[in-house]
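First comes the structure, then the notes that go with it.
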Amino acid sequence: MILTLFASLAIATPDLPHTAETLDAGQVVVRIPTGPSAVGLADGTELWTIPFDFGIGGPRVGVEQRLLEKGSVSWTASPSAALRSTLRRGSIAAESTVSLHRGEHVFSAVVGADLRLLQRLEIDDENSKTWSVDRLQVPVTLIHDWSRNRSTVRTRVNVPIRDRGQTLTYGSGSLSYLHAFGKLHTETGVGLLVGSPRDQYMMDTYLWSFVLPYPKLDLWMVF
């Protein structure tokens with residue numbers, strides 16, 4: 001579970017991670033199979049996909065749509081759906097992102113909801129398969145970006161305000177450095193997980209609290 005959590009924390013969104021920005025029409029971002037690649041369908045609309053989403057164990061497809069761009073404020077929404085390769089787990093998720101630009105600084109807030117579904121086999125007179133709610137996560141992320149030239153220093157704090165009926169059981173924070181080498185973009189940094197996360201395999205909360213550092217790595221090509 002911890003490795004899965006680290007991987008999901010390190011994955012960025014299709015353009016500049018977790019800001020209310022969308023790709024230009026025809027622009028393409030390519031990432032490794034565990035990260036989202038995207039294509040700009042039109043100005044303000046992009047289609048993105050993750051071939052293998054660690055959180056669900058299968059592909060995820062989503063759309064990011066610009067809802068507002070007025071002055072220094074921008075707002076986007078990104079619904080998505082994922083399905084485990086075994087076809088027994090699914091996910092319906094949505095994120096809403098608001099960004100405020102102030103010179104070299106960008107302040108972003110991301111509120112999301114991820115409804116995890118599980119297919120169960122019911123054995124009675126006639127065996128049947130039914131879908132039921134397995135997990136609901138409601139994370140909130142706050143981000144500060146300070147950019148100069150082609151580099152960005154990012155501070156990020158993430159807190160799941162709701163997870164399996166529990167509130168504020170853990171949180172994470174990270175500090176990273178983003179840089180553009182032409183079409184190649186990289187992000188490197190360190191993060192810290194604090195608290196008692198929910199284990200997706202044991203279906204229970206750990207009995208102890210973690211204080212664990214983890215690396216933050218990402219790279220992508222923009223065409």
Quiz item: Right, VAL39: touching a residue at least 60 places away in the same chain (Cβ under 8 Å), more than 28 Å from LEU136 (Cβ to Cβ) and either in contact with a Phe, Trp or Tyr (Cβ under 6 Å, 6 or more places away or on another chain) or surrounded by 15 or more Cβ atoms within 10 Å (Cβ to Cβ) (or both) or not?
Solution: no
Practice problem: Would you confirm whether any residue within region 210-222 is among the β-branched types (Val, Ile, Thr), at pLDDT 90 or above and in a strand (DSSP E or B)? | Solution: yes
Practice problem: Using the structure shown, decide if GLY191 is surrounded by fewer than 19 Cβ atoms within 10 Å (Cβ to Cβ) and small (Gly, Ala, Ser). | Solution: no
Self-check item: Residues being touching a strand residue (DSSP E or B) at 6+ places or on another chain (Cβ under 8 Å), of a type outside the set (Val, Ile, Thr) and in a loop (DSSP other than H, G, I, E, B) - total across region 44-72
Solution: 4
Self-check item: Within region 177-188, tally of residues that are under 22 Å from ALA109 (Cβ atoms) and either surrounded by 17 or more Cβ atoms within 10 Å (Cβ to Cβ) or of a type in the set (Asp, Glu) (or both)
Solution: 2
Quiz prompt | Candidate set: region 149-170, residues that are in a strand (DSSP E or B) and at pLDDT below 90; chosen: the one farthest from the chain's Cα centre (by Cα) | solution = GLN166
Self-check item: Set SER108, SER174: member being among the hydroxyl-bearing types (Ser, Thr, Tyr), touching a helix residue (DSSP H, G or I) at 6+ places or on another chain (Cβ under 9 Å), surrounded by 15 or more Cβ atoms within 10 Å (Cβ to Cβ) and modelled with pLDDT of 95 or more
Solution: SER174
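Rundown of residues vs (1) touching a strand residue (DSSP E or B) at 6+ places or on another chain (Cβ under 6 Å); (2) assigned to a loop (DSSP other than H, G, I, E, B); (3) modelled with pLDDT under 85, yes/no style:
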site	(1), (2), (3)
LEU3	no, no, yes
ALA7	no, no, yes
ALA12	yes, yes, yes
LEU16	no, yes, yes
THR19	yes, yes, no
ASP24	yes, yes, no
THR34	yes, yes, yes
ALA38	yes, no, no
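Each row is one residue, and each column tells you yes or no for (1) surrounded by fewer than 15 Cβ atoms within 10 Å (Cβ to Cβ); (2) within 20 Å of TYR214 (Cα to Cα).
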{"position": "SER147", "(1), (2)": "no, no"}
{"position": "PRO160", "(1), (2)": "no, yes"}
{"position": "ASP163", "(1), (2)": "no, no"}
{"position": "THR167", "(1), (2)": "yes, no"}
Quiz prompt | Qualifying position, being farther than 21 Å from LYS216 by Cβ, of a type in the set (S, T, N, Q), surrounded by fewer than 18 Cβ atoms within 10 Å (Cβ to Cβ) and within 15 Å of the chain's Cα centre (by Cα), among SER132, SER96 | solution = SER96
Practice problem: Could you check how many residues of region 165-179 are over 13 Å from HIS144 (Cβ atoms) and touching a residue at least 40 places away in the same chain (Cβ under 8 Å)? | Solution: 2
Quiz prompt | Selected residue (criterion: surrounded by the most Cβ atoms within 10 Å (Cβ to Cβ)) from residues of region 60-76 that are closer than 14 Å to ALA38 by Cβ and touching a residue at least 24 places away in the same chain (Cβ under 8 Å) | solution = GLU64
Quiz item: Among the residues of region 41-59, is any modelled with pLDDT of 95 or more, within 25 Å of ARG156 (Cβ to Cβ) and of a type in the set (Gly, Ala, Ser)?
Solution: no
Practice problem: For residues that are modelled with pLDDT of 90 or more and out of contact with any Leu (no Cβ under 9 Å at 6 or more places or on another chain), scanning just region 118-147, find the one that is farthest from SER85 (Cα to Cα). | Solution: TRP146
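The values are calculated or read from the model by the stated rules, or taken from the named source; none is laboratory data. Given the structure is predicted, the values throughout are model-derived calculations rather than measurements. Backbone-built Cβ (ideal geometry, glycine too); neighbour counts: all protein chains shown.
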